[in-house]
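The values are calculated or read from the model by the stated rules, or taken from the named source; none is laboratory data. On a predicted model such as this, the values are computed, not experimentally measured, just so you know. Heads up, the Cβs are rebuilt from the backbone with ideal geometry, glycines too, and the neighbour counts pull from every protein chain shown. Note: areas computed on protein heavy atoms with side chains; ligands, DNA, RNA excluded. Shrake-Rupley method; radii C 1.70, N 1.55, O 1.52, S 1.80 Å.
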Amino acid sequence: MQDALRASDADQAEIVAMKSNSALTWYAENIIHQNVAEHTAQVQVRAVVGKRVGSASTTDCSPEGLALVVRQASQAARLMTDDPDFPGLPSPQPIVAGSVGGWTPGTAASKPEERVLAVKKVIERAEHEGLRAAGTYQVQDSELAVVSSAGVTAYHQYTVAAMKAVVMGDDSSGYGLMSSANVADIDPEAVGEQAVRTAVETRHPSEIEPGSYEVVLSPFAVEELMGMLAYLALSARSVEQHTCFLEGHEGEQLASPIVSLFDDGLDPAGMPIPFDFEGMPKRRVDFLTEGKGGNVVYDSYYAAKMGRATTGHSLQQPIDIGPYPLNIFLGAGDSSE
């Protein structure tokens, strides 16, 4: 990457490399029907010429392939129109890479037969209740690196293990999911029980009259809602477009005091990666603290445009949705599920 960077004839250049080894076990109708493994690598280059920005990508990671994609990005930049708001590539900032973990050798070395035995437990639990199970069990060993002519050098290796179960009955269904950087944390019996319990408890549904009802949402339903909220209203771009409910209300009581919502890319309870796709360190951002309005996330572009500091929330460029919170947490309340 550094060699390719030196070959660029643009005013500034940035290279993002992603490599992943992934293995996936699929099952449906209580049968494992597919096991696949793949190795992928992709390089994305952003080139800056004056106030013009261009990009190019490749899966050819040979020295020749990298030199070519750097030239292509530079050529693309020269064909673009000026962006007067573009501040240039960000300068390096300290990254706490060693403190977040996120990689375990057991996950990277996970074998297909281990996933088979885990999936078998889910299927047996579903069969015991006369249900049909489907889902996936995936393990992944990934690397992310960012270098730029502005001096940024960032690297992180991480693993992910994730098991998903969907069980179906004649008139009900259930869902279970568990994920972790460490495959040893995955409990297939708990995943199966979570999905099966819901399917059993919701058998024989009945019609109800329209009206106002107290509803308890599952964590998965809340996750869907928070993901949409993040897309619509938790970034600097949403402030610019006036779709952010936090705009102009910092410190005001906007929600119930039991609601705290934040993004923290360094929390080991999530999937920690210590920097974003510009190589900027991730910082915790509190959207709601005990219901009181807080801040939104920034990348370097919107930070410069709006007179703020980047919070390390850039997505892979180019992208038109702006910065984005990828590590959302909803603070716990004081009740059991």
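Data for the structure
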item: GNM flexibility winner over the chain from 67, 17, 145 (Cα, springs under 10 Å); result: 67
item: The chain, accessible area per residue, ligands and nucleic acids excluded (1.4 Å, Å²); result: 52
item: Viscosity 0.692 mPa s, 37 °C: Kirkwood-radius Stokes-Einstein D of the range 187-277 over Cα pairs, µm²/s; result: 189
item: Angle in degrees between helix 63-79 and the longest Cα principal axis of the chain, rounded to the nearest 10; result: 70
item: Per-selection Kirkwood Rh - the chain (Cα, Å, 1 d.p.); result: 22.4
item: Portion, in percent, of the accessible area of the range 247-337 that falls on carbon or sulfur, probe 1.4 Å; result: 52
item: Low-density loop positions, GluC sites (Glu not before Pro), the range 24-100 - DSSP coil, at most 14 other Cβ in 10 Å; result: 29
item: Charge sum, other residues only, whose C-beta stays under 13 Å from residue 260's C-beta, Lys/Arg counted +1 and Asp/Glu -1; result: -3
item: Dipole magnitude of the chain, debye to nearest 20 (Cβ charges: Lys/Arg +1, Asp/Glu -1, about Cα centre); result: 1080
item: Long pairs among 19/164; 51/292; 282/305, criterion Cα-Cα beyond 31 Å; result: 51/292
item: Inverse mean reciprocal Cα-Cα distance (Kirkwood Rh) of the range 201-337, Å; result: 16.4
item: Rounded percent of accessible protein surface that carbon and sulfur make up, the range 1-88, 1.4 Å probe; result: 52
item: Max mean-square fluctuation residue, GNM over the chain, Cα-Cα springs under 10 Å, options 216, 70, 96; result: 216
item: Between the range 240-302 and the range 35-95, the Cα center-to-center distance that results, in Å; result: 28
item: Cα-based Rg / Dmax (Å) for the range 278-337; result: 13.8, 44
